[in-house]
Amino acid sequence: MFKNVEIILLNDINQTQLRHKFVLGFKKLCIKIYFLKFESTSFICLHFGQHYTHILKNNIMPYWLVKSEPFKYSWDQFVKDKQTFWDGVRNYGARNNLRAMKKGDQVLFYHSNEGVEIVGIAKVSKEAYQDPTTEEAAWLVVDLKPYKKLKNPVTLAQVKADIRLSEMALVRLGRLSVQPVTDEEWKIIMELAGEK
């Protein structure tokens, strides 16, 4: 039944070796299978505390979501700027997600607090480097470029109402500012946005 699924237990994870295979909140043993789905690109999602990890069997391009309050930095301003570095992340889980991003990865741009909706798609144009707004070496940024405005914004209410998205980080880990998005979640968001 599960012949195409590969289960991996991780302890003291080496992010450099596995950066294409997971998104990690912190370096701990993943001890509980929290969410399991079997598609043509199978994955296993393991849970530890308030963080979870995607273990990908296939080396597929990962997707992400970043949050920005529009009164501070909106999609329209992002488009005007043509490129920006994603600074100000001070959460280790979100930082690790920035670190895992690769050039060319697609990123959902989400307006938080005001609007509370996914409005566009960005692409990673430069991989993680030291956050230039702080001298603390722990914090990183990536460079993002606007790629596409969604035909129809996808609201948080729509996401929460769709049972297929009940395990999405946007629903379960609402305070995390940089989040992983699974292949299946991405397809559903594109469907809701009228991009199919």
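Candidates are the residues of the range 89-119 that are of a type in the set (Gly, Ala, Ser) and more than 23 Å from residue 153 (Cβ to Cβ); the one that is surrounded by the fewest Cβ atoms within 10 Å (Cβ to Cβ) is 104.
Are any residues in the range 102-127 under 14 Å from the mean Cα position of the chain (by Cα) and farther than 14 Å from residue 147 by Cβ, and if so, which ones? Matches in the range 102-127: 102, 110.
Which condition number does residue 64 fail, the rest of (1) more than 14 Å from residue 147 (Cβ to Cβ); (2) surrounded by 14 or more Cβ atoms within 10 Å (Cβ to Cβ) being met? For residue 64, the failing item is (1). Here residue 109 meets the list (1) on the phi > 0 side of the Ramachandran plot; (2) out of contact with any Asp or Glu (no Cβ under 9 Å at 6 or more places or on another chain); (3) without any contact (Cβ under 8 Å) to a residue 60 or more places away in the chain almost entirely, failing just condition (1). Report yes if residue 166 is hydroxyl-bearing (Ser, Thr, Tyr), at pLDDT 95 or above and crowded, with 20+ Cβ neighbours inside 10 Å, otherwise no. For residue 166, the condition - hydroxyl-bearing (Ser, Thr, Tyr), at pLDDT 95 or above and crowded, with 20+ Cβ neighbours inside 10 Å - is not met.
Reported count of residues in the range 121-166, each being among the aliphatic types (A, V, I, L, M) and assigned to a strand (DSSP E or B), is 10.
So, in the range 62-87, exactly how many residues are touching an Asp or Glu at 6+ places or on another chain (Cβ under 8 Å), farther than 15 Å from residue 98 by Cα and of a type in the set (S, T, N, Q)? Qualifying residue count, the range 62-87: 1.
The values are calculated or read from the model by the stated rules, or taken from the named source; none is laboratory data. Bear in mind the structure is a predicted one, so any value in this text is a computation, not a measurement. FYI the Cβ positions are ideal-geometry reconstructions off the backbone, even for glycines, and counts take in every protein chain you see.
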